[in-house]
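The values are calculated or read from the model by the stated rules, or taken from the named source; none is laboratory data. Computed from a predicted structure; not experimentally measured. Please note: Cβ atoms are built from the backbone with ideal geometry, for glycine as well, and neighbour counts cover all protein chains shown. Only protein heavy atoms, including side chains, enter the accessible area calculation; ligands, DNA and RNA are left aside. Shrake-Rupley method; radii C 1.70, N 1.55, O 1.52, S 1.80 Å.
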Amino acid sequence: MRSLHPDTVLAVVLLAFAAVLLLLWLPADTDTGLYEIKRGKYTIGDALAPAFAGTVMAIAGLLLLFGPGARDAPRLDTNHVRFLSAMIAIVLAGMVLMRWAGPAATFLFADDDYRLLRDTVPWKYLGFASGGFVIVAGTSSVVEGRFSRNAALAGIVAVLLIIALYDLPFDDLLLPPNGDV
Amino acid sequence: MTALDYVLAGVLAVIHGPEAFSLLGIPVSVTVLMVVAGFFAGIVVGATPGLGQVIALAISLPILISIFGFNASALLPVMGFMIGIMKGSTVGGAVPAILFNTPGTPDSYMTTLDGYPMTRSGQAQKALRVAHFSSVSGDTFSDICLFVFAPSLAILVERYLDLPEKTALIILSLSFIAVVVGRSPAKGLAAAALGLFFVYVGTGEDFHPRLSLNAPALADGIPITAAVIGVLVVGSILSELEKLWREKATAGTFTPTSQSGDGRLHWTDIRRIAPYIGRSAVIGTAIGALPGIGSTLAATLGYASGGAFHRRRKAPDEPEFGKGAMQGIAATEAANSSVAGANLIPVLSLGIPGNTAAVFLVLAADTIGGFNPGPGVFRFTSVMNPELVIAFGLFTTMVIANILNWTVGGVFMRCMGLMIRIPKQFLLPVVLLLTFASLYVQQTSMAMIGFALFFGALGYLMIKLGVSPLPFVIAFVLGRQLESTARQAFSATGGDPFFLFSSWIAVAFMAGAVAIIVITVHRRRRSA
């Protein structure tokens, strides 16, 4: 079976998104229409600007669909998807660690709640250090195709560097997750 | 007071302000010290991929205000530091763009197009020197224009650009960037439409946050820094990491780029890039003087104009624009740097910032008090107008930053270039974490990292599909301003649905917006 031109696929996605936005999402999720009358005066409603965005998107889709397709138009392959999925998974794992490593450690090993200890060393660094290490060492390892000592070193250096940059000189700046808990 | 008295008073306010310390018996004022500190800090943040002036300004503003307080004497030191950051980071911003293909700001996106190919062909040092020379030349030209023409230009801009014209001008800028950047006008339009769509999520004037799907995370809208940094920086980092991943998978090892040549900027090089710098400096200064448009459009216009000039003039052995032409770097850097000076005209006379960094100047003036950007600033009165003195004081801080740029800026900038020796497979993940941490410290919410990851993935997909992320970013930055100006223009014209055609200037802008799309699509169709 002959595969579709990548620009055609992109055009169909854009047109479908524009149609959903203009016909379903916008009417259901805005309070006012394209314009409204307030105290006897016409004013622009909340739907006009997104409707403009949707219309431009539809025009772009039509131009892509009926315009000349470039012979060397770049297309996505399975490797792109695999790589992106791996990166997202690593960052999400790092985010989960950032958010919960500190509270989990205080729950297990400290007498106080994390909220009370979030300005105290070492508790305040646990989440950022563990999550940051996973993000740096994890992404380096994916690129290298193996876990290496240098990847681990990069993770440790990155965490220390950022703590030195933001946390040590400034009392008001908070590293993740200390502003959320 | 005459105009010259005002200039002198502004210069003296900076030089003879409160003394910080004395150097060989010469007193150094706090303002001068702050400009110097801001300038070097600016180069460092600009050169550090993932940081950039917006984050630096966002972090430094509250710190500066807590140091200097809320009185009029704090204005020059605080704003001087911010101007130092703006100038330093504009020069430093070329470093990650050239060395790592990761633009720190939207302005330096076009620098990547020729800078990174030069790095890959072993000419990183030369590319950095071209960027520095062009940037400082453009900046100096713009500052001279600012000093000489600011008051009269401010009056002109105020007289001819009313709300309908400003709305039409934003639409023209969007359509220009959408169709000129990248190889496909349709994809550029799609990127701009996506940027507009995302910026309108959760915003609006109604009680119900539009398009938010009742999700609390979307109810306040998508943070601008998370979206812009996500698409530009995180997307570029992911794209670069993927290239390394494929390289390792196919070749079994990473191919290091060896640097060749003396890396110096010779007189013959300067002669080759001078016409591009001159062209772009004029474009950047003209664009900078217009309200709400900004440096990214200037960089794009400068690059497009330089590209057309290069096609006619280039020698057969010279690379084309986008393939490692140093003229491409010169055109972009001169244009985006020359906006900085002229950009103060709409910022000071109308309170409309031309780029995100200028927003912080308005914010600083607003927070500290004693200086209200608006039509009153450029009023030459016989009784002293203190706001005009501050305006000329700000111009003086720009000149000081410029002198630093000419003398030590290049050396300091190239020192930052040593980062190229760190293997990219380790450096880029560190930059990724630094980007996430920098976003977090601004709003202290894990949602910022989540947004940056989402927009980073979107930026990655856009790059892989051949869609330039720049129209997305510009549409996101200008989207809210477009809507609010349109709302005001609609009200001001008494609900006239044809307000965009209410004057010949607005009609010309709108016609230009449509014409540029039609002409570009037609040309691409003929060349396909």
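Scan the range A:33-52 for residues that are free of Cβ contacts under 8 Å to residues at least 24 places away in the same chain, on the phi < 0 side of the Ramachandran plot and either of a type in the set (A, V, I, L, M, F, W, C) or more than 7 Å from chain B (Cβ to nearest Cβ) (or both) and jot them down.
A:GLY33, A:LEU34, A:TYR35, A:GLU36, A:ILE37, A:LYS38, A:ILE44, A:GLY45, A:ALA47, A:LEU48, A:ALA49, A:PHE52
When residues of the range B:156-165 are filtered for being in contact with a helix residue (DSSP H, G or I) (Cβ under 8 Å, 6 or more places away or on another chain) and in a helix (DSSP H, G or I), how many remain?
Looking only at that region, the number is 6.
If I ask for residues that are closer than 30 Å to B:LEU434 by Cβ and of a type in the set (Ser, Thr, Tyr), which ones from the range B:1-56 would you list?
Residue satisfying the conditions is B:THR48 alone.
Among the hydrophobic types (A, V, I, L, M, F, W, C), within 9 Å of chain A (Cβ to nearest Cβ), open to solvent by less than 40 Å² (accessible area, probe 1.4 Å) and under 28 Å from B:ALA506 (Cβ atoms): is that true of B:LEU161 in this structure?
Judged against the criteria, B:LEU161 is not a match.
Residues of the range A:2-31 being touching a helix residue (DSSP H, G or I) at 6+ places or on another chain (Cβ under 7 Å) and among the hydroxyl-bearing types (Ser, Thr, Tyr), which ones?
A:THR8
What single numbered condition from (1) at pLDDT below 95; (2) away from chain A (no Cβ under 11 Å); (3) over 21 Å from the mean Cα position of the chain (by Cα) fails to hold for B:ILE422?
Among (1) at pLDDT below 95; (2) away from chain A (no Cβ under 11 Å); (3) over 21 Å from the mean Cα position of the chain (by Cα), the lone unmet condition for B:ILE422 is (2).
The conditions are (1) free of Cβ contacts under 8 Å to residues at least 40 places away in the same chain; (2) open to solvent by 50 Å² or more (accessible area, probe 1.4 Å), and B:SER60 fails exactly one of them. Which is it?
Failed condition: (2).
Of the residues B:PRO96, B:PRO117, B:PRO103, only one is buried (at least 24 other Cβ atoms within 10 Å of the Cβ), under 24 Å from B:VAL234 (Cβ atoms) and out of contact with any helix residue (DSSP H, G or I) (no Cβ under 6 Å at 6 or more places or on another chain); which?
B:PRO96
Please give the helices (runs of 4 or more DSSP H) falling wholly within the range B:212-282 in which 2 or more residues are within 30 Å of B:LEU301 (Cβ to Cβ), modelled with pLDDT of 85 or more and more than 14 Å from chain A (Cβ to nearest Cβ).
Helices (runs of 4 or more DSSP H) meeting the threshold: none at all.
Restricting attention to the range B:465-486, and to residues there that are open to solvent by less than 30 Å² (accessible area, probe 1.4 Å) and not aliphatic (A, V, I, L, M), which single residue is modelled with the highest pLDDT?
Among them, the one singled out is B:GLU483.
Could you check the range A:8-32 and list, in sequence order, the residues that are surrounded by 14 or more Cβ atoms within 10 Å (Cβ to Cβ) and either more than 10 Å from chain B (Cβ to nearest Cβ) or not in a helix (DSSP H, G or I) (or both)?
If the condition is that a residue be surrounded by 14 or more Cβ atoms within 10 Å (Cβ to Cβ) and either more than 10 Å from chain B (Cβ to nearest Cβ) or not in a helix (DSSP H, G or I) (or both), then A:THR8, A:VAL12, A:LEU15, A:ALA19, A:LEU22, A:ASP29, A:THR30, A:ASP31, A:THR32 are the ones that fit.
Within the range A:33-60, can you find the residues that are part of a strand (DSSP E or B) and open to solvent by 70 Å² or more (accessible area, probe 1.4 Å)?
Residues satisfying the conditions are A:TYR35, A:ILE37, A:LYS38, A:LYS41, A:TYR42.
Can you pull out the residues in the range B:487-507 that are open to solvent by less than 50 Å² (accessible area, probe 1.4 Å), more than 27 Å from B:PRO106 (Cβ to Cβ) and more than 13 Å from every other protein chain (Cβ to nearest Cβ)?
B:SER503
Within the range A:168-181, which residues are within 7 Å of another protein chain (Cβ to nearest Cβ), open to solvent by 10 Å² or more (accessible area, probe 1.4 Å) and farther than 24 Å from B:ILE65 by Cβ?
Correct list: A:ASP180 only.
Considering B:VAL78, B:VAL130, which residue is in contact with a helix residue (DSSP H, G or I) (Cβ under 9 Å, 6 or more places away or on another chain), within 21 Å of B:ALA331 (Cβ to Cβ) and not aromatic (Phe, Trp, Tyr)?
Going through B:VAL78, B:VAL130 in turn, just one is in contact with a helix residue (DSSP H, G or I) (Cβ under 9 Å, 6 or more places away or on another chain), within 21 Å of B:ALA331 (Cβ to Cβ) and not aromatic (Phe, Trp, Tyr): B:VAL130.
Scan the range B:403-430 residue by residue and report those that are touching a residue at least 40 places away in the same chain (Cβ under 8 Å) and either over 25 Å from B:GLY84 (Cβ atoms) or open to solvent by less than 10 Å² (accessible area, probe 1.4 Å) (or both).
Within the range B:403-430, B:ASN405, B:GLY409, B:GLY410, B:MET413, B:GLY417, B:ILE420, B:PRO423, B:LYS424, B:GLN425, B:LEU427, B:LEU428, B:PRO429 meet the criteria.
Which residue is modelled with the highest pLDDT, if the candidates are limited to the range B:508-518 and must be among the aliphatic types (A, V, I, L, M) and buried (at least 16 other Cβ atoms within 10 Å of the Cβ)?
My answer is B:MET510.
Among the listed residues B:ILE83, B:ILE55, B:ILE43, identify the single one that is at pLDDT below 80 and buried (at least 19 other Cβ atoms within 10 Å of the Cβ).
Result: B:ILE55 is the single residue among B:ILE83, B:ILE55, B:ILE43 that is at pLDDT below 80 and buried (at least 19 other Cβ atoms within 10 Å of the Cβ).
Quick check on this structure: which one of A:LEU153, A:LEU175, A:LEU168 is farther than 16 Å from B:LEU428 by Cβ, of a type outside the set (D, E, K, R) and modelled with pLDDT of 90 or more?
Step by step, each of A:LEU153, A:LEU175, A:LEU168 is checked, and only A:LEU175 is farther than 16 Å from B:LEU428 by Cβ, of a type outside the set (D, E, K, R) and modelled with pLDDT of 90 or more.
Scan the range B:425-470 for residues that are in a helix (DSSP H, G or I) and either more than 10 Å from chain A (Cβ to nearest Cβ) or in contact with a His (Cβ under 7 Å, 6 or more places away or on another chain) (or both) and jot them down.
Within the range B:425-470, B:THR435, B:PHE451, B:PHE455, B:LEU458, B:GLY459, B:MET462, B:LYS464, B:PRO469, B:LEU470 qualify.
Give the number of residues within the range B:302-348 that are aliphatic (A, V, I, L, M), out of contact with any Leu (no Cβ under 8 Å at 6 or more places or on another chain) and modelled with pLDDT under 85.
Adding up the residues that qualify gives 3.
Name the single residue that is least open to solvent (accessible area, probe 1.4 Å) among those in the range B:301-341 being of a type in the set (Asp, Glu) and part of a loop (DSSP other than H, G, I, E, B).
Filtering the range B:301-341 for residues that are of a type in the set (Asp, Glu) and part of a loop (DSSP other than H, G, I, E, B), the one least open to solvent (accessible area, probe 1.4 Å) comes out as B:GLU318.
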